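Quick notes on the structure that follows.
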Amino acid sequence: MCGKKINSEATHCPHCGEAVNRRAVKKKRLIIAAAAIAAIALLAWGAYAIFHKDKSDLIADNNMSEPDSWELICHYRDTNNPDSLEGALEKYIRAYGKGQHAFDVKTLRERLNKEKKYWNNVEESGAKREMVEKYLNEYKEEGFFYLRAIDKLDSITFFEKQELNTVEAYQDYLDLYPDGRYEDQAKANLAKLDAVPLTDAEEENVKKVIVKHFEAMAQKDTMAINATIAKNLSSYLGKKPCKPRDVNEYVRHMFQDSERQVKFELTDFKIKKIVIIEDGDPIYNVTFVLNETMNKPAEHAIVKDTERDYDGTAILNDDMLITSLLLEDI
């Protein structure tokens, strides 16, 4: 045939008149399709290999020296990566069973296996809070499964707070996990809680309390600070629970340099009045922007200024006292 395109039902080529061999055409099409599929698969595998190849695979490929293999093991150990660590340890033992670090590797593998059994028991228990906390108390930040345990606690805490479904519950979660997995969901749930009308007087009083609190802090006036906060705070700048003495200690630490001067400016107040229980006392959920300017006299009478902006969130009770305060860098 001449190679020109023809109708799929044609028995002869309209261009050259030659009869069409249907079996040969079909076979040719199958070969072309198979080749295309193979090419796509090869490209996909190549892309996967480029973007997903683990460094520890180099041990199996015999392209990694013993010192580099040990360095990789230390990396996985120090970054709480138990799965990759387990693979790297096994590959080291196969490649360098009597190497310089063989004893350390075998000791580390025994430690990993022991801790892995412990963590498996935690997960088999349903990852209950008490089991996760027990693991963290025993292994702390050096634990191979430390990051997984923290992630479990994040989830457990959020769903506990979601069951309560209150402003303070969600704010507690955000205080504990400001960059948590459920940060956006907690903020969205907060926004969905029904607000009740806010009077002008209430709005003005709420603003005054927040402003007075930071003015007192700038003046290092602990009595004025204590006049703006509840006796028992649910949280304050990450500490939970918290008492006035903890706040005062924070202020003393901030001004441990007696020459340091701080000025605060608050803007963009948004206030929601919320009644959680019908006919109950209201609470006030407040968001604002805080600008902090810190002046520290340096040598030769040159004043060194630093400036920072924060997104602030506070909760006030019906007595117009702060029960929770959170600041996040903008």
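The values are calculated or read from the model by the stated rules, or taken from the named source; none is laboratory data. Note that the structure is a prediction, hence the values are computed from the model and not measured. Neighbour counts are summed over all protein chains in view; Cβ atoms, including those assigned to glycine, are modelled from backbone coordinates with ideal geometry. Calculation scope for accessible area: heavy atoms of the full protein, side chains included, ligands and nucleic acids excluded. Shrake-Rupley method; radii C 1.70, N 1.55, O 1.52, S 1.80 Å.
For (1) open to solvent by 70 Å² or more (accessible area, probe 1.4 Å); (2) outside any helix (DSSP H, G or I), each residue gets a yes or a no:
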position	(1), (2)
Ile210	no, no
Met217	no, no
Arg245	yes, no
His253	yes, no
Glu259	yes, yes
Val262	no, yes
Leu266	no, yes
Gly280	no, yes
Asn291	no, yes
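It is to be established whether one or more residues within region 156-166 are in contact with a Gly (Cβ under 6 Å, 6 or more places away or on another chain) and open to solvent by less than 60 Å² (accessible area, probe 1.4 Å).
In the first step, residues of region 156-166 are kept if they are in contact with a Gly (Cβ under 6 Å, 6 or more places away or on another chain); the result is none.
No, there is no match, as no residue in region 156-166 is in contact with a Gly (Cβ under 6 Å, 6 or more places away or on another chain) and open to solvent by less than 60 Å² (accessible area, probe 1.4 Å).
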Of the residues in region 67-93 that are open to solvent by 40 Å² or more (accessible area, probe 1.4 Å) and in a loop (DSSP other than H, G, I, E, B), the one that is nearest to Glu115 (Cα to Cα) is Asn81
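For the structure I just gave you, tell me whether Asp151 is under 24 Å from Leu316 (Cβ atoms) and modelled with pLDDT of 90 or more. Write out each step before concluding.
Working: under 24 Å from Leu316 (Cβ atoms): no; modelled with pLDDT of 90 or more: yes.
For Asp151, the condition - under 24 Å from Leu316 (Cβ atoms) and modelled with pLDDT of 90 or more - is not met.
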Residues that are free of Cβ contacts under 8 Å to residues at least 40 places away in the same chain and either aliphatic (A, V, I, L, M) or not in a helix (DSSP H, G or I) (or both): does region 169-176 have at least one?
yes
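Among the residues of region 218-229, is there at least one that is of a type in the set (Ser, Thr, Tyr), within 24 Å of Asp268 (Cβ to Cβ) and in contact (Cβ under 8 Å) with a residue 12 or more places away in the chain? Outline the logic, then answer.
Keep residues of region 218-229 that are of a type in the set (Ser, Thr, Tyr), which gives 222, 228.
Checking the rest, the ones that are also within 24 Å of Asp268 (Cβ to Cβ) come to 228.
Filter again for in contact (Cβ under 8 Å) with a residue 12 or more places away in the chain, leaving 228.
There is at least one residue in region 218-229 that is of a type in the set (Ser, Thr, Tyr), within 24 Å of Asp268 (Cβ to Cβ) and in contact (Cβ under 8 Å) with a residue 12 or more places away in the chain.
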Please list, ordered by first then second residue, the pairs with beta carbon atoms under 7 Å, 6 or more apart or interchain, first in region 116-130 and assigned to a helix (DSSP H, G or I), second modelled with pLDDT of 90 or more and not charged (D, E, K, R).
Lys116/Pro82; Tyr118/Tyr135; Trp119/Tyr135; Trp119/Phe145; Val122/Met131; Val122/Val132; Val122/Tyr135; Arg129/Ile156
Yes/no for Leu147 being touching a helix residue (DSSP H, G or I) at 6+ places or on another chain (Cβ under 7 Å) and surrounded by 13 or more Cβ atoms within 10 Å (Cβ to Cβ):
no
Considering only residues that are open to solvent by 50 Å² or more (accessible area, probe 1.4 Å) and either in a strand (DSSP E or B) or of a type in the set (Val, Ile, Thr) (or both), which ones fall in region 231-243?
Lys239
So which residues in region 231-274 are small (Gly, Ala, Ser), over 30 Å from the mean Cα position of the chain (by Cα) and at pLDDT 85 or above?
none
Pairing a residue in region 68-86 that is closer than 14 Å to Ala102 by Cα and in contact (Cβ under 8 Å) with a residue 24 or more places away in the chain with any residue that is part of a helix (DSSP H, G or I) and among the β-branched types (Val, Ile, Thr), where Cβ atoms lie under 7 Å and the two sit 6 or more apart in sequence or on different chains, gives Ser69/Ile59; Ile73/Val105
Restricting attention to region 94-115, and to residues there that are of a type outside the set (A, V, I, L, M) and surrounded by 16 or more Cβ atoms within 10 Å (Cβ to Cβ), which single residue is nearest to the chain's Cα centre (by Cα)?
Glu115
Check region 164-176 and report whether any residue there is of a type in the set (Phe, Trp, Tyr) and at pLDDT 95 or above.
no
So for region 182-201 (the condition being in contact with a helix residue (DSSP H, G or I) (Cβ under 6 Å, 6 or more places away or on another chain), surrounded by fewer than 14 Cβ atoms within 10 Å (Cβ to Cβ) and not in a helix (DSSP H, G or I)), does at least one residue qualify?
no
One residue is enough: does region 190-198 have a residue meeting the conditions in contact (Cβ under 8 Å) with a residue 12 or more places away in the chain and touching a Phe, Trp or Tyr at 6+ places or on another chain (Cβ under 6 Å)?
yes
